[in-house]
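Asks: Sharing a structure, written as structure tokens. Questions coming.
No value in this document is a laboratory result; all are computed from the given coordinates. Here the structure is a predicted model, which means the values were calculated and not measured. Cβ: placed from backbone, ideal geometry, glycine included. Neighbour counts: every protein chain shown.
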Amino acid sequence: MALYERLSEGAIQLFIYLFYVLLIAFVVYCLYVRHIHSVFDHIPGPPRDNFVLGHLPTLLRETNSERVIHDKLLEWAEEYGPVYRVNNLHGVALVVTCPEATKEFLMSPKYSKDPFIYKRLSTLFGKRFLGNGLVTAMNHDVWYKQRRIMDPAFSSSYLRGLMGTFNERAEHLMERLEEIADEQITANMHQLVNCVTLDVICKVAFGVDLDLLKKHDSPFQNAIELCLQGMVHYVRDPFFTFFPKNKKKVQEIKDAVELLRATGAQWINQRKRAVENGEDVPKDILTQILKSAEELKADNEEDNELMLDNFVTFFIAGQETTANQISFAIMELGRHPDILKRVKEEVDEVLGTRREIFYDDLGKLTYLSQVLKETLRLYPTAPGTFRWLHEETVINGLKIPAGCALLFSSYVSSRMEKFFKDPLTFDPERFDAHATKPYFCYYPFALGPRSCLGQTFSQMEAKVVLAKLLQRFEFSLVPGQSFNIKDTGTLRPQSGVLCRIRHCSQSTS
């Protein structure tokens, strides 16, 4: 009994000790948060929801309500100006829409990516995800070495050689659309286009045929979806992991990451054996990943992980944003019959009845290019990028202390009246060669040295898919569907863009 009492007293004393330790830690943390406030509170910004949490409750409400978080940032930009502050616990991010500052921070290599955000993307819930690949590498020299090695896989000469694959995979979509037209069923265009873009990236980047329009049991689309969800939860919600109700979702996301990395390891090893056996291999992204390892004389475990980092980066980024852009373009064309008519006339003039699209045709599809650019203005599928401020500076007349993140959102700046007249109106004429264009307000692929390596690849693929669709089919949007945007880190149409498809020879009534 005495022993039990002594143990109970010890447990109570331990509890009291831990309580005081936690209390002291919380008080110290609050003092640190107060210090951060005193350093940054001269910068305009919305009232904080909470002393400790800052604006986090509002940001989580926006995320969990399935609204686009960038709409709230746009609302605040209109109210608080071209540089304003957002507090997230002890962290501070400044949302910047000032064109001069956008030019300065995105065009210069001296400003690294935000270590908090990109470290969160390097892993998902403890599983290595994008690691230290091209998107997440924060050290400029590490990034530059990888980028230089990858560049040949995106050279104009190599991209010209991809036209055959673009045509072939787009034809698979046309065949499926013919079946849908004959069966008179509704087409979920985002779902269909997603299959095509994933087929394309697997074929041209990794030499693998998935043929997802015919094979419906592939685990990759669900894995990508889970990883995108994981990115949103892991980056935006620091408490997501701690809620028991999220345990199953967290495990699904971790399993999805493992699947993608295990697939990458398998495909990389197959290519390694092909190279060792003297087989002819394409000069694709997978070959460049191996070349990267060879030039760096890299063959240890960390180097192998870096190869997988870039595999996962290209696997996801190479298809998701392109599929979303094509889907949004179809949605807007369906909403604007006059624009649809004009772009269809251009396609008919350039291609006639010819099924194969040549590289030189793409440059002649100028109005289609304008449609794609206007699509990215309203719906930049990768809407924002972060930089880290290492030293004190002045932005738009405001003295900005070091030690904060800078968010540049193409979604926000592209929807501001002061940069684009009637910004919510879909108007491809904004990108006519003779139209006046504001500078450093439109950057759907980012700007400067760390702009998207695959942007030309993406726009070529989008043109081929859309040109074939416009040449061969009439389409109309199913009434009553939502035109809202789904924010999955990238932006996609919430409804999936549901269409009725008809052969061009059929009546459009």
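Asks: Going through the stretch 185-281, which chymotrypsin sites (Phe, Trp or Tyr not before Pro) have at most 15 other Cβ atoms within 10 Å and a DSSP loop state?
Replies: Here the chymotrypsin sites (Phe, Trp or Tyr not before Pro) that fit, given the DSSP loop and packing criteria, are Phe239.
Asks: Which trypsin sites (Lys or Arg not before Pro) in the stretch 279-378 sit in a loop by DSSP (not H, G, I, E or B) and have at most 14 other Cβ atoms within 10 Å of their own Cβ?
Replies: Here the trypsin sites (Lys or Arg not before Pro) that fit, given the DSSP loop and packing criteria, are Lys283, Lys297, Arg354, Arg355.
Asks: Please give the calculated 222 nm ellipticity per residue for the chain, where each DSSP H segment of at least 4 residues contributes -39500 (n - 2.57) and the sum is spread over every residue; nearest 500 deg cm²/dmol?
Replies: Calculated from helices alone, the mean residue ellipticity at 222 nm is -18500 deg cm²/dmol.
Asks: Another question about this same structure. Filter the GluC sites (Glu not before Pro) in the stretch 409-502 down to the DSSP loop ones having no more than 10 other Cβ atoms within 10 Å, then list what survives.
Replies: Details: sites: Glu417, Glu429, Glu461, Glu474; in loops: Glu417.
In loop regions of the stretch 409-502 (DSSP not H, G, I, E or B), the sparsely surrounded GluC sites (Glu not before Pro) are Glu417.
Asks: Within 10 Å of each residue's Cβ, count the other Cβ atoms and sort Cys98, Cys30, Cys202 from fewest upward. It would help to have the intermediate numbers written out before the result.
Replies: Values: Cys98 20, Cys30 13, Cys202 24.
Arranged by neighbour count, lowest to highest, Cys98, Cys30, Cys202 become Cys30, Cys98, Cys202.
Asks: Please give the charge dipole size of the stretch 41-503, origin at the Cα centre, charges +1 on K and R Cβ atoms and -1 on D and E Cβ atoms. Round to the nearest 20 debye.
Replies: Approximately 740 debye in magnitude.
Asks: What list of ³J(HN,Hα) values in whole Hz, one per residue of the stretch 308-313 in order, does the Karplus curve 6.51 cos²θ - 1.76 cosθ + 1.60 (θ = phi - 60°) give from phi, with Gly and Pro shown as x?
Replies: In residue order, the calculated couplings are 5, 4, 6, 4, 5, 4 Hz.
Asks: Then there's this: Under the 0.36 nm per residue contour assumption, what length would be gained going from the current alpha-carbon distance of Asp41 and Thr366 to full extension?
Replies: Extra length available between Asp41 and Thr366 comes to 112.3 nm.
Asks: Starting at the first residue of the stretch 59-73, write each ³J(HN,Hα) from the Karplus equation 6.51 cos²θ - 1.76 cosθ + 1.60 with θ = phi - 60°, in whole Hz, x for Gly and Pro.
Replies: Listing the rounded values in order: 5, 6, 4, 4, 5, 6, 7, 6, 7, 7, 4, 5, 5, 5, 5 Hz.
Asks: Restricting things to alpha carbons, find the Rg to Rh ratio for the chain using the Kirkwood radius for Rh.
Replies: 1.01
Asks: Please list 315-325, 147-157 highest first by mean number of surrounding beta-carbon atoms within 10 Å per residue. Don't skip to the answer; put the middle values down first.
Replies: Working: 315-325: 25.3, 147-157: 14.8.
Descending mean neighbour count gives 315-325, 147-157.
Asks: If you don't mind, there's one more thing I want to ask. Provide the per-residue ³J(HN,Hα) series for the stretch 97-111, in order, calculated from phi with Karplus coefficients 6.51, -1.76, 1.60 and θ = phi - 60°, each as a whole number of Hz, with x at glycine and proline positions.
Replies: With the stated coefficients, the stretch 97-111 comes to 10, 5, x, 5, 5, 4, 4, 4, 7, 8, 7, 9, x, 6, 9 Hz.
Asks: With the calculation restricted to Cα positions, what are the radius of gyration and Dmax of the stretch 184-297 in angstrom?
Replies: 17.7, 57
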